[in-house]
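Single-structure report; data block below.
The values are calculated or read from the model by the stated rules, or taken from the named source; none is laboratory data. These figures come from a predicted structure and were not determined experimentally. Counting neighbours? That spans all protein chains shown, and the Cβs are built from the backbone with ideal geometry, glycine included. Remember, those area values only see protein heavy atoms, side chains included, never the ligands or the DNA or RNA. Shrake-Rupley method; radii C 1.70, N 1.55, O 1.52, S 1.80 Å.
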Amino acid sequence: MSIVGELIAELGSVCADLPDQRKTPPRDSEYAMADIGLSAFSLFFMGSPSFLAHQRALARGQGRSNCQILFGMAAIPSDNYIRLMLDGASPAAFDTLFMRAIAKAGPLTRFHGVDGRVRIALDGTEYFCSRKISCPQCSTRRRSDGGVEHFHAFLGATLVAPGHHQVLPLPPEFIAPQDGAEKQDCERSATRRWLARQGRSVAHLRSIFLGDDLFACQPIATAIQQAGGNFILTCKPSSHQSITEYLHGTKLEEHRQTVRKGRNVTTTIYRWLSGVPLHGSADAMVVNWFSIEIRTAAGKRTYYNSFVTDLPVTPNSVAELAAAHPRSQSRPRSQARKRQPTLI
């Protein structure tokens, strides 16, 4: 059996164990939970919203459909029945499949970077938003016009590598109301839950966690280290004033790289300082700060960003550390959007 076949078989086993919401045990003539779950996942293989209807037509005309051949499904339920049966099923039931898929993919050589480590990018994203439709799992926010938006979001964790447009997604952590919590759930809380649940399962990859300025705080940094990882996080001066004050008047280490491409000459300037407190309190974690600045031959600055990390920063490592973070790329955002990452 091929790797894909093995994973589909494992997916069918997980779907078979999903909670059955029917009040009585299903009869032989009724859909099995494995078929219901596999029908939902089959949409992702063909990328067609009418895939299931097409497969039912194939089964009527040719006696067998791709669903039966590829997924081993005995029957294809309707879209409404799939939603009815799967609503409320915990997404965590599929977490182990993410890890098995990565293990079966073989060595992650092309994802190796700094000192043979693998980088995991953390970021939040929304997948539903409405002012009219809501459910108990919605988060809310009030807009300037007084209207209230209801939305669903999750914290995504993805294996990434500089220069590669293919990524490997890891199990998500959904941002939703938590039992006993007084405040609304957020990306930071979801990140700490993800690290507590999944961090150890990727510790063998010697993971370096990447994130934007939102994650550059002591609770997240501590959670990353407790999960056996390291971090490179964007550090904006406006939200890290204590670091900005610490750097003021301090002589920074510096490393320059000049590159000529035809008539264009650019100089990349790396600056860094080791042993900087992450915030102004006495119990602040000590981190290493570095920045990257790109200038043209005429001296015009075309890019600037700064970061904090718990990895050593040296003249030999600073360029590689900067390249590891997605925010360190010098391409304008308009160009970066032209080619989206590919999930594999």
If I filter segment 148-174 down to residues being touching a Ser or Thr at 6+ places or on another chain (Cβ under 6 Å) and touching a residue at least 40 places away in the same chain (Cβ under 8 Å), which single residue comes out as farthest from Arg200 (Cα to Cα)?
His165
Inspect segment 309-318 for any residue being in a strand (DSSP E or B) and open to solvent by 30 Å² or more (accessible area, probe 1.4 Å) and give the result as yes or no.
no
Segment 64-84 residues that are within 17 Å of Glu30 (Cβ to Cβ), paired with ones that are surrounded by fewer than 13 Cβ atoms within 10 Å (Cβ to Cβ) and at pLDDT 80 or above (beta carbon under 8 Å, 6 or more apart)
Leu84/Gln21
Pairs with Cβ under 8 Å, 6+ apart, first in segment 13-27 and open to solvent by less than 50 Å² (accessible area, probe 1.4 Å), second polar (S, T, N, Q):
Val14/Thr96
If you scan segment 138-169, which residues turn out to be over 21 Å from Arg197 (Cα atoms), surrounded by 17 or more Cβ atoms within 10 Å (Cβ to Cβ) and of a type in the set (Gly, Ala, Ser)?
Ser139, Ala161
Of all residues in segment 193-223, which are in a helix (DSSP H, G or I), open to solvent by less than 10 Å² (accessible area, probe 1.4 Å) and within 16 Å of His325 (Cα to Cα)?
Phe215, Ala221
Of (1) over 12 Å from the mean Cα position of the chain (by Cα); (2) under 20 Å from Cys129 (Cα atoms), Ala196 satisfies all except one. Which?
(2)
Where in segment 110-186 are there strands (runs of 3 or more DSSP E), lying fully within it, with 1 or more residues that are touching an Asp or Glu at 6+ places or on another chain (Cβ under 6 Å)?
119-130, 139-142, 148-160, 173-175
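Every residue, every condition in (1) at pLDDT 85 or above; (2) not in a helix (DSSP H, G or I), yes or no:
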site: Ala9; (1), (2): yes, no
site: Asp28; (1), (2): no, yes
site: Phe44; (1), (2): no, no
site: Ser48; (1), (2): no, yes
site: Gln55; (1), (2): no, no
site: Arg60; (1), (2): no, no
site: Ile69; (1), (2): no, no
site: Ile76; (1), (2): no, yes
site: Arg100; (1), (2): yes, no
Condition broken by Cys235, with the remaining ones in (1) surrounded by 12 or more Cβ atoms within 10 Å (Cβ to Cβ); (2) modelled with pLDDT under 95 satisfied
(2)
Take the residues in segment 319-330 that are under 21 Å from the mean Cα position of the chain (by Cα) and not polar (S, T, N, Q); name whichever of them is most open to solvent (accessible area, probe 1.4 Å).
Arg327
If you scan segment 62-114, which residues turn out to be β-branched (Val, Ile, Thr), within 23 Å of the chain's Cα centre (by Cα) and either on the phi > 0 side of the Ramachandran plot or open to solvent by 80 Å² or more (accessible area, probe 1.4 Å) (or both)?
Thr109
Which numbered condition Ser207 misses (of (1) over 30 Å from Gly88 (Cβ atoms); (2) more than 14 Å from the chain's Cα centre (by Cα)):
(2)
Can you list residue pairs whose Cβ atoms sit under 6 Å apart, with the first residue in segment 313-324 being modelled with pLDDT under 90 and the second being assigned to a helix (DSSP H, G or I) and surrounded by 13 or more Cβ atoms within 10 Å (Cβ to Cβ)? Count only pairs 6 or more apart in sequence or on different chains.
Ala324/Val114
Restricted to segment 243-252 and to residues being open to solvent by less than 70 Å² (accessible area, probe 1.4 Å) and without any contact (Cβ under 8 Å) to a residue 40 or more places away in the chain, the residue farthest from Asn316 (Cα to Cα) is Thr244
